[in-house]
Amino acid sequence: MDPEPMSRRDWLKLGATGVAGLSGAAVLRMAGRSEAADAMEAAGVGQDAGYGGADTVDAGLAEDRARATPPSEVPTQADVRHSLEGTSQARMGVYEGGKPGDGFDPRQYLTEFDGGEVVQEGETTVHEYDFVALDREIEVAPGVWFPAWTYNGRVPGPTIRVPEGDVIRVNFQNAGSHPHTIHFHGIHAPEMDGVFPVVDPGEKFVYEFEARPAGLHMYHCHAVPLKRHIHKGLYGTFIVDPPGGREPAREMVMLMNGFDTNFDADNEVYAVNTAAFFYQSNPITVGVGDPIRVYLLNLTEFDFVNSFHLHAAMFDVYRTGTKPEPDEFTDTILMCQGERHILEFELENPGLHMFHAHQSEFAELGWMGFFDAVPELAADEGVPVYRYG
Amino acid sequence: MNDTVRRWTFGLLPLLLLGVMITLFVRFEPMGFMEDTSPPVQELTIDRITFPGEGTVELHVVNGGPEPVTVAQVMVDEAYWEHSIDGPRTIDRLGERTITIPYGWVAGEPHEFTLVASTGVTFSREVPVAAPTPEVNAQFLGAFALLGVYAGVVPVLIGLLWFPYLRDLSRRWLNFFLSLTVGLLLYLAVDGLVEAFEVAEMVPGAYQGVGLLALGVLGAVLALRAAGAAQESSDRGPSNLRLAYMIALGIGLHNLGEGLAIGAAYTAGELALGSFLVIGFAAHNTTEGLAIVAPVADDRPSLWHLAAMGAVAGLPTVAGTWIGGFSYSPVATTLFLALGVGAILQVAWEIGTSTLRSADQKVLVTPLNAAGLGLGLLVMYGTAIFMA
């Protein structure tokens, strides 16, 4: 009766069944709305997030929640709203299996810097990369799948990181269904700029240029229509380290992006590093008082600007990361499409520090997360300390 | 005997072949290659939104599309929100779910609800003004019964009191009033049709709102014509009393549909039932009483008949508000409004062709009749202003 092979739809269904189980949890939640412990359980914050320090997270947020809930029996409108805020999106951010069903791991992406295959060619150090453009469905929010165009099957693509002055060689192969390119930001010859030639499906092209200047850059597809090629997922981070590198710090990449899942030129999902709410249900563990460095990029389409706001702390802003002195000391930074900055800060106090877009709409549509500051965290635990060389 | 077998064979053969074709189609899926390349067609309809209490919203959802749909996320006012669903997240074709959202909604302000399917497709509905959904209890039923009586039954009965006045009129003026009745009915038919089209928009795709509407209108016309024809063949001719009852029935069906809409709109917080609105309904419906008694002005129907006709026309308003308040269904509302339209059109036609023509007049549309028809439309238009 049903000899049908596994279709795209069935595959989607499989991916989504996991979410069904969550509805039951919501009923439990409603029964005890003010119970902070329940809230944390539903939020899944207590799960092993892979950074360690899960117990502290549990206790820390439970305390926060207890303080936020007034003792009054009858909740006011504001109370209802507030008590829901701490829990609902958290629940919405619980991925079946702990991470997006397409296999992409936002924890790994956060701290994964790819130096490529290093080849010495005479005086020149060459970093060689293989990039393949692939069409692929990705899970952008729990249960919500998006037909993406990807570099190497993931959104964002790999984080390229090389010292200034070294040569980058990217062997690009287009295995997708549309013509694509890779356009790098930075200083290089126009013929290596990834506007021309456009690489048709099945074709190849080798991009080769010297990595400069030191700073935080990006790469993305520059085939037309631009808006679609970028918002479908063809982009990634490109870091050029200054000579001698930067001071050791707990380093991570946060690429702000959005997904227009119904293709109405308006994003339904916002995130850093693709997976909506992921760092909210899986807080990022860092050490109290340790230097922290965030490579922050804005690849959001449709909305002119995006922003980053850090709670309970302030950060230095190095615009485009091209100069040694900070440009600004603030807790909220506004960024246009294509802007990227390096942020440096310390968290003085232990506990959960929220970060999110200060466009509340983006925040509540997925672009929200927590740092969990843990005292005396070893250098290789949580977000590891990055040392140059 | 052989003939019977032959007849049955030829009667059933096409059906048998159709069955074989469908079986082969399902078994071998010759169109399967198209299904793999075409994107899934998904459709969900949020057909009812209620606010049962502070901090809670309930969405009633129907899958009216050809494909199962999986509700992956629920968005309220552009924010993902926690929720519970009274069943699996994957909703099969024609399946229904109630989604409960603990959300601090704000009375008197608009809210937008969006369901995001696993494919990223979205389905939205906005509530223009959020208000607590009244609890359906004895008090609610009593209030709505009273509303139905005020707006539906009493006015119709008052309208019926024109009976003695109409009885003493000359044939010419009686025809004027019959024409006026046709005008009233035509207005109601158009009014009901527009309303039915509006509600039909909310009918889940698979139930084909407009098709249902056509079915209701034509079904009512055909049923009433068939009933009339059956009676005519047994009786000597069309009875005026029957015509009056048919008008009452048509208006009753119309009022049932209208009651459903009122009850639903009220419980959904989309309607403030001020006394002004009730007065509007009452004035509007009084003319319906006139429409009912005009054809029987020549006869001497008993008071009992008049009361019965008033009840047939007016009481469905009460039933409608109750049903609409309890559980609103765009499908039922569309159907009843359509039935009302059909019934009204049929009686308008019957008055126009048989009653007016039989009054030994050579022409149907005399200046006086035309004036009556125009006045009928105008009266309905005027009284409807109060209901806006």
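The values are calculated or read from the model by the stated rules, or taken from the named source; none is laboratory data. It should be emphasised that the depicted structure is a prediction, and the values quoted were computed from it without experimental measurement. Virtual Cβ from ideal backbone geometry, glycine too; neighbours counted across all protein chains shown.
The table below lists the values:
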quantity: Positions within the stretch A:228-244 being in a loop (DSSP other than H, G, I, E, B) and in contact with a Phe, Trp or Tyr (Cβ under 8 Å, 6 or more places away or on another chain), in sequence order; calculated: A:Lys232, A:Gly233, A:Leu234, A:Gly244
quantity: Residue list for the stretch B:88-130, restricted to those being within 8 Å of chain A (Cβ to nearest Cβ), farther than 20 Å from A:Glu268 by Cα and not β-branched (Val, Ile, Thr); calculated: B:Pro88, B:Pro102, B:Gly104
quantity: A:Ala271 within 14 Å of chain B (Cβ to nearest Cβ), in contact (Cβ under 8 Å) with a residue 40 or more places away in the chain and closer than 25 Å to A:Glu381 by Cα; calculated: yes
quantity: Failed condition for A:Pro156, given (1) more than 18 Å from A:Pro106 (Cα to Cα); (2) more than 14 Å from chain B (Cβ to nearest Cβ); (3) part of a loop (DSSP other than H, G, I, E, B); calculated: (1)
quantity: Number of the condition not met by B:Glu78 [criteria: (1) at the interface with chain A (Cβ under 10 Å from one of its Cβ atoms); (2) surrounded by 21 or more Cβ atoms within 10 Å (Cβ to Cβ); (3) under 23 Å from A:Phe146 (Cα atoms); (4) touching an Asp or Glu at 6+ places or on another chain (Cβ under 9 Å)]; calculated: (2)
quantity: Helices (runs of 4 or more DSSP H) wholly inside the stretch B:116-231 that include at least 1 residues being charged (D, E, K, R) and assigned by TED's automatic domain parsing to the domain that holds B:Asn255; calculated: B:163-167, B:171-200
quantity: Tally, over the stretch A:83-133, of residues that are of a type in the set (A, V, I, L, M), buried (at least 18 other Cβ atoms within 10 Å of the Cβ) and at pLDDT 95 or above; calculated: 2
quantity: Unique residue being within 14 Å of another protein chain (Cβ to nearest Cβ) and on the phi > 0 side of the Ramachandran plot when the list is A:Gly233, A:Gly258, A:Gly244; calculated: A:Gly233
quantity: Residue match in the stretch B:91-107 (condition: under 27 Å from A:Phe278 (Cα atoms) and surrounded by fewer than 16 Cβ atoms within 10 Å (Cβ to Cβ)); calculated: no
quantity: Count - residues of the stretch B:320-332 that are crowded, with 24+ Cβ neighbours inside 10 Å and under 15 Å from B:Gly252 (Cβ atoms); calculated: 2
quantity: Single residue of A:His178, A:His222 found to be away from chain B (no Cβ under 14 Å) and either over 22 Å from the mean Cα position of the chain (by Cα) or assigned to a strand (DSSP E or B) (or both); calculated: A:His178
quantity: Test for A:Thr261: is it β-branched (Val, Ile, Thr), under 15 Å from the mean Cα position of the chain (by Cα) and under 24 Å from A:Phe362 (Cα atoms); calculated: no
quantity: Single match in B:Val41, B:Val57, B:Val61, B:Val5 (criterion: at pLDDT below 90, more than 9 Å from chain A (Cβ to nearest Cβ) and under 30 Å from B:Ile101 (Cα atoms)); calculated: B:Val41
quantity: Scan of the stretch A:114-132 for residues that are more than 25 Å from A:Asn174 (Cβ to Cβ) and not in a strand (DSSP E or B), ordered by number; calculated: A:Gly122, A:Glu123
quantity: Within the stretch A:342-386, considering residues that are of a type in the set (Gly, Ala, Ser) and assigned to a strand (DSSP E or B), the one surrounded by the most Cβ atoms within 10 Å (Cβ to Cβ); calculated: A:Ala373
quantity: Filtered residues of the stretch B:297-317 (kept if surrounded by fewer than 24 Cβ atoms within 10 Å (Cβ to Cβ) and not small (Gly, Ala, Ser)); calculated: B:Asp298, B:Asp299, B:Arg300, B:Pro301, B:Leu303, B:Trp304, B:His305, B:Leu306, B:Val312, B:Leu315
quantity: Flag for B:Ile251 being closer than 24 Å to B:Thr317 by Cα and at pLDDT below 80; calculated: no
quantity: Of the criteria (1) among the hydrophobic types (A, V, I, L, M, F, W, C); (2) under 27 Å from B:Val71 (Cα atoms); (3) within 25 Å of the chain's Cα centre (by Cα), which one B:Val154 fails; calculated: (2)
quantity: Residue, nearest to the other protein chains (Cβ to nearest Cβ), within the stretch A:275-334, restricted to residues that are buried (at least 16 other Cβ atoms within 10 Å of the Cβ) and of a type in the set (Gly, Ala, Ser); calculated: A:Ala276
